[in-house]
1. Counting only protein heavy atoms, what percent of the accessible surface of the chain is carbon or sulfur at a 1.4 Å probe?
2. Per residue, how many Å² of accessible area does the chain show with a 1.4 Å probe?
3. Helix-only mean residue ellipticity at 222 nm, the chain, DSSP H runs n ≥ 4 weighted -39,500 (n - 2.57), per residue, nearest 500. What is it?
4. Do any trypsin sites (Lys or Arg not before Pro) in region 263-296 lie in a DSSP loop with no more than 13 other beta carbon atoms within 10 Å, and if so, which?
5. If you take the charge dipole of the chain about its Cα centre, with +1 on Lys and Arg Cβ and -1 on Asp and Glu Cβ, which of PRO498, GLN580, SER284 is farthest toward its positive end?
6. Please calculate the 1.4 Å probe accessible area of ARG448, with all protein chains present, and give it to the nearest 10 Å².
7. Measure off 7 Å from each Cα along the Cα-to-Cβ vector at SER720 and VAL765, then give the distance between these two points in nanometres to one decimal.
8. Going by a ≥ b ≥ c, the root eigenvalues of the Cα gyration tensor, does region 243-292 fall in the rounded group (a/c under 1.5), the prolate group (a/b larger than b/c) or the oblate group?
Amino acid sequence: MGEVARGGGCPPMDLFRSESMQLVQLIIPIESAHLTVSYLGDLGLLQFKDLNTDKSPFQRTYAAQIKRCGEMARKLRFFKEQMSKADVLPVHSTTVVDVNIDDLEVKLADIESELTEMNANGEKLQRSYNELVEYKLVLEKAGEFFHTAQSRAIEQQRQNESRQLVDESLETPLLQDQELVGDSSKQVKLGFLAGLVAREKSMAFERILFRATRGNVFLRQSAVENPLTDPVTGEKTEKNVFVVFYAAEKAKSKILKICDAFGANRYPFAEDVGKQTEMIKEVSRRILELKTTIDAGLLHRATLLQTIGAQFEQWNLLVRKEKSIYHTLNMLSLDVTKKCLVAEGWSPVFATKQIQDALHLAAIDSNSQVSAIMQILHTRELPPTYFRTNKFTSSFQGIIDSYGVAKYQEANPTVYTVVTFPFLFAVMFGDWGHGICILLAALYFIIREKKLSSQKLDDITEMTFGGRYVIFMMALFSIYTGVIYNEFFSVSFEIFGPSAYECRDLACTEATTVGLIKARRTYPFGVDPVWHGSRSELPFLNSLKMKMSILLGVAQMNLGIIMSFCNAKFFKNSVNVWFQFVPQIIFLNSLFGYLSLLIIVKWCTGSQADLYHILIYMFLSPTDDLGENQLFVGQKYLQITLLILAFIAVPWMLIPKPFILKKQHENRHGVESYAPLQTTEESLQVESNHDSHGHEEFEFSEVFVHQLIHTIEFVLGAVSNTASYLRLWALSLAHSELSSVFYEKVLLMAWGYHNVFILIIGLIVFIFATVGVLLVMETLSAFLHALRLHWVEFQNKFYEGDGYKFHPFSFSLVEDEDE
């Protein structure tokens, strides 16, 4: 499909109109298909079409290769997880290592096997080590129980002997509160179990033991000072060592079940002191051996992970590229000979030579006897939209794309948004002190953009970094409008010279303008500093900012209508030129364009005319004399003329267009025509999109109703959109008043106490209030309102925004994607 002819009216620009696109067909020999797609991925200027939509992913030619790449990607994710646990970071190397994908597959399998075996052995050794550590603690703590009880029993026996009492048995030394007095035939042989239980479960453990055995057990517990690594779960847990004494085997079975239920680890324990000492020595020796073995294994594992980390990025990129190549090959279809693959895709016209060079180079490097063939296809299908942007314009283009992607070669609002968006923001945010603060933040991101672009940022920081140039422009315009408003953190300065006014006599004070006379030439730029802090400040700024908002709104809405004219002229749509653009521009400017003219004339002449009265009675009593509200000669007749034009413009928009469209449809005799840009109004005439190109019958009634809705929408929208621009005035005053409140009621009030401590507190509160409210919340608020003015009030005049983006097959996009 050839490049669409350009109409007059608007200059051609890369960003104003999307790139001319063409549908190309490639016939690629199978032996060079992989390398061809790889070279096209390096080029990144061809968007492949899926020619196998009727096949599932498992039925496609290269499904096995994709599965193979997926398995390699899984192994790489496993390696990344292991490196993350070991705090080993992948090394970003610029050295390109030529690795064959088959060799890499074998290498990854070997490394995975080795690493899995090392992990399994390490887990077993670590579990044994943790068990031995617990066992040693049980031997030490339980040994203390027995040693203490034995000592107390011996002491008690000595006391009994001294009192000439009957000998007591030493067989049950720990039953200190329930000693069995009598001969050895009446004494009971007790069994015991030792182990560890989680400290948080120890109370419940003791209660259950008591209830289950009906109090026929004796439990001793001792807390372990430091948390222990549990051999089963591997988590750090605070534990208690316990010893449970019981008298019957039935009680023992109950105790074992309760220990299992509470996850208590049990360990063997000898009552003999000598055996306890030997067991402690043996356990200590085994702990030392295991520690040495584990350390050696961890060192070997760390070395292996560092080796992986040194090449991980290159391996990962290679696998992802390989997988993307096979995904793309699966979109191609086999020809009847099954010796070639057929591809179709969109590419910019300027990339034709580059694609042909890539095809030729791929044929040479793959030793193919036949080079791939490229031919251009002619189609009525709507091409994708491709704008060439840079790091400065890409963020502004992103703002527009968030609303909707432009249709193919539709006028792009980004060209004007680069200027109008930060300017409208600044109208609401104007303060050159606050603007400098935002500028410093933007410069921080711009200066460090190379470093920050290579780092993983959190969501808020990443969003701010992505819009750094938008913030930069917003800051510059805020400084500019702040200088015009003469506001620096709500304080005015005589930047461009002294004030034009001075007091007439001593009775004149700074708190009022009564008695002020003009003594010098007019303040050369912006608001005169004497107006700040005066009683007339608020009414004056109200009037200035409100009228300025109307002027800016009408100017931008006119720009939107002119953009619709550019679209109509570009695509040679004379119907839209004469029956959409012309009546719209007449209607808008007959009312609100005239209001803008009156505002400018009033400013220039200094008249006291009431503009509200003029505009209202322009409709209610257009023939009455204006009296003191007359601003220039012939104003009444001009108003009558504009009012007549505004009333004529409404039927002009409504009636002729449906009849003209019907006549054009009849002249075509039912033959389709391809329109590169189809407006909403014409959607009932020709159905043309990137999925279907079928012809529909012309329904006059539907077209007329649609045009009626469009006309009503424009007429009502002209009023509501103009009123919507008054948000520029409202938010500007709100920002100024908030800034003034923080300055006067916080900073100056703290200064008035003449106390250093109160001054420091006031300064801190002022800084936090300024940053939190004015530099964060107010910035976000002004940003969102500027966004709304562009999306709704400006773009609805001309922007369809129902195209689809150009997504070429590009390895640079693969590199930026997260796995």
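The values are calculated or read from the model by the stated rules, or taken from the named source; none is laboratory data. This one's a predicted model, so the numbers in the text were calculated from it and none came from an experiment. Glycine also receives a Cβ, built like all others from the backbone with ideal geometry; neighbour counts cover every protein chain displayed. Accessible surface is based on the protein model in full, side chains and every heavy atom, while ligands, DNA and RNA are left aside. Shrake-Rupley method; radii C 1.70, N 1.55, O 1.52, S 1.80 Å.
1. Details: 25700 of 43400 Å².
Ligands and nucleic acids excluded, carbon and sulfur give 59 percent.
2. On a per-residue basis, 53 Å².
3. On the way: 25 runs with 440 residues, N = 819.
The helix contribution divided over the chain gives -18000 deg cm²/dmol.
4. Working: sites: ARG266, LYS275, LYS281, ARG285, ARG286, LYS291; in loops: none.
Filter output for region 263-296: empty list.
5. Going by the Cα projections, it comes out as PRO498.
6. 80 Å²
7. Once both label points are built, they end up 4.3 nm from each other.
8. Working: a/c = 4.98, a/b = 1.70, b/c = 2.92.
Oblate is the answer for region 243-292, as a/c is 1.5 or above yet b/c matches or exceeds a/b.
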